[in-house]
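S.K.: Got a structure for you, written out below as structure tokens; questions coming shortly.
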Amino acid sequence: MNFQKFVHRSTKGIMLSIALIMIIPLVLWNVGGKSGSGQDVDDTVGTIFETVKISKREFNDQKLRAHPAYYWRMVKIYPRMAGRIPEPKNEDVLQIAKRNLVLLQEAKNNGIPKATKSEMQRKLQDIWFMFTGGRVPMTEQNEEMLAKTVFRATLSTFEAWIEDLVVIEKLLGLMSGAEFADYDKIYDRLMGEQQSVRVTFAGFDPAEFVRELKPPRTEEIAKQYEANKSRYRTPEKARIEYLMADVDEIKKKAPEPTEAQLKQYYEEHKIEFQKTIEHKHGPGEEHKDEEKPAPPEYKSLSEVQAEIPEKWKRKWAEENAFPVIDGASKELGDIFVANQSKYPDNIFGELKNKYSGQKGIELTHDVTPLFDSRRLEEIEKIVGSNSGLGSWAFDPKNKAGDISMSVQTSKGKVLFKLLDKKAGEENPGVTLQNRELIVKELQKEQLRKRVQLQASTVVDEIKAHGMAATRLKYPVEWRSTRYFKTDFNGDPGIEDRALGGAIRSRVAQGKMKAGEAMVLQGSTMGREKQDWSYVLYVDDVVSSPPDDLEAKFQETRREMDGAVREQYQENYANQMVFRANIRGLESKDGGKAEPPPVPHDDDN
């Protein structure tokens, strides 16, 4: 073998290895179209502003940040829904992601730098303050909790969104730095809020029209029953045995109080004898929260001397009788345990015999007639009001033989035993009891409509002939409020607080002018006078500037400026997105946005 062939054969393997080592990376480099640094890969998924390319990673990052952006927008609208707002739709996520890409690029074009750590911290503190009012300090743990529970994002995505938010708000702030609110509108709003009114009113009581009632016809009764059968089913009934310390009866045996005892009762219960002092203002004067209430005044002992003995005797009866019934109640518990979770049939009779006579106290033991929830008022005439029988006796969990806890009613202290229950009937027909109920309902409706008609007639009369002529024609009890503001704190200054609040609310809603009249339904005032109707007449409307006019003006100006500026910013952003000529920014699956990863406790 000559030297040349030896060299050729020996170096063939070495050269092949060198070639593989050098060529393969070159081939891969050319195929990949990029260097090892990854900077030249063209993974563009769309463009904005014609030439600005958006990479797949950049777009996916913005879709993740769109979730906290969505929740932030919704929380500002519905603050009480924080943590319970439904997840965004796919199209919402895509829209927010595109919008933020455009605004961030516009900020870059305008030379707005990236957010600093201090700016991000301030924005985070603002967001935290909105949820806590500053009552809870901001910590790293609280920030992570906020990100997960309210914004449903990982901490890294949440912080990246805050960074973008700071930049976008800088951009929008530059584009709307001017003041927008019109001075005249500010003054109109201030003066509108400071209006004081005086109202003349009259009430129409259904009881005054009872003589005009007509008995319902048979066909009306039948029609009412057919339309409301479920209301007229025979209700469940119950019979109750009771053991009671009847204070009304026991106090008849109380001794007469001495002068010292009367004086002691007066001193210990002085609040019962406080005088009612009417808080008055002159015409055009409004009530101010900082006004100090007048010190309380009390009737003298000589003024209330006659009513104290009965009060003292009732107190004596309660102090002596209640421990007796409490002792019987405690023994009931011991008997129940000893008797294998049951009560003997005549347990109340046995307890009456055992405990009556202690301290001269006699307990009352009796049985009520069978009653339903509609006859509860009749039963409470026997055992006292606030008995709780309406819920206890008809509670499905309570069975015959069960005994209640001791209950303090208006007549004393009482124990109830459920003797039996009778189930109701679904469709009993027009029974005598149902007929009576239907007649009452139809007549009540007659009165309600009659009262409403009378009030409407009076309002029409005021509109046609004026208030003076109407007062002569309808000599009802006309009364007037004092001048009061129509805001939440306005006090019309009348004794009936429910009526005063309804008048203030109705006048404020109607934005009425002097000389106008309206009907106010009693149903807006609660159950006591829900069938009444009232006529309201606005005597006078006075506009007066607030005491702190300058401060109120600046506050109103900032508020109105903020509202207009916010709308301007929204319009600007929408126009910018429209002009950006967005192309190709859609997900591969037809526009569905990928949901963010579910945050875990170990997420960083």
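The values are calculated or read from the model by the stated rules, or taken from the named source; none is laboratory data. Being a predicted model, the structure only gives us computed values, none of them experimental. FYI the Cβ positions are ideal-geometry reconstructions off the backbone, even for glycines, and counts take in every protein chain you see. When the accessible area is computed, the model is the full protein with side chains, heavy atoms only, and any ligands, DNA or RNA have been set aside. Shrake-Rupley method; radii C 1.70, N 1.55, O 1.52, S 1.80 Å.
S.K.: Run the quick spin-label model on residue 445 and residue 275: label points 7 Å from Cα toward the beta carbon, then report their separation in nm to one decimal.
M.R.: Distance between the two pseudo-spin positions: 5.1 nm.
S.K.: Can you give me the % of accessible surface on segment 356-430 that is carbon or sulfur? Probe 1.4 Å, all protein chains present, nothing else counted.
M.R.: Working: 1950 of 3960 Å².
Result for segment 356-430: 49 percent of the exposed heavy-atom area is carbon or sulfur.
S.K.: A further question follows. Going down the table (381/417; 237/354; 252/315; 299/411), which pairs top 20 Å between alpha carbons? It would help to have the intermediate numbers written out before the result.
M.R.: Numbers: 381/417 18 Å; 237/354 31 Å; 252/315 12 Å; 299/411 27 Å.
Violating the 20 Å Cα-Cα cut-off are 237/354; 299/411.
S.K.: Another one. First measure r as the distance between the Cβ atoms of residue 354 and residue 248, then evaluate 1/(1 + (r/R0)^6) with R0 = 22 Å and state the FRET efficiency to the nearest 0.05. Write down the numbers at each step before the final one.
M.R.: Values: r = 23 Å, r/R0 = 1.04.
With R0 = 22 Å, the Cβ-Cβ based efficiency is 0.45.
S.K.: Calculate what fraction, in whole %, of the accessible area of segment 291-351 sits on carbon and sulfur atoms when a 1.4 Å probe is rolled over the protein chains.
M.R.: Numbers: 1930 of 3700 Å².
Using a 1.4 Å probe with all protein chains present, segment 291-351 comes out at 52 percent carbon and sulfur.
S.K.: Work out, step by step, the length gained on full extension between residue 496 and residue 51: first 0.36 nm times the residue separation, then minus their alpha carbon distance; give nm to one decimal. Please report the intermediate quantities before stating the final value.
M.R.: Working: separation 445, 0.36 × 445 = 160.20 nm, distance 7.22 nm.
Taking residue 496 through residue 51 to full extension adds about 153.0 nm, to one decimal.
S.K.: Suppose each label sits 7 Å from its Cα in the direction of the beta carbon; what would the residue 170-residue 432 distance come out to in nanometres?
M.R.: About 8.9 nm separates the two model spin labels.
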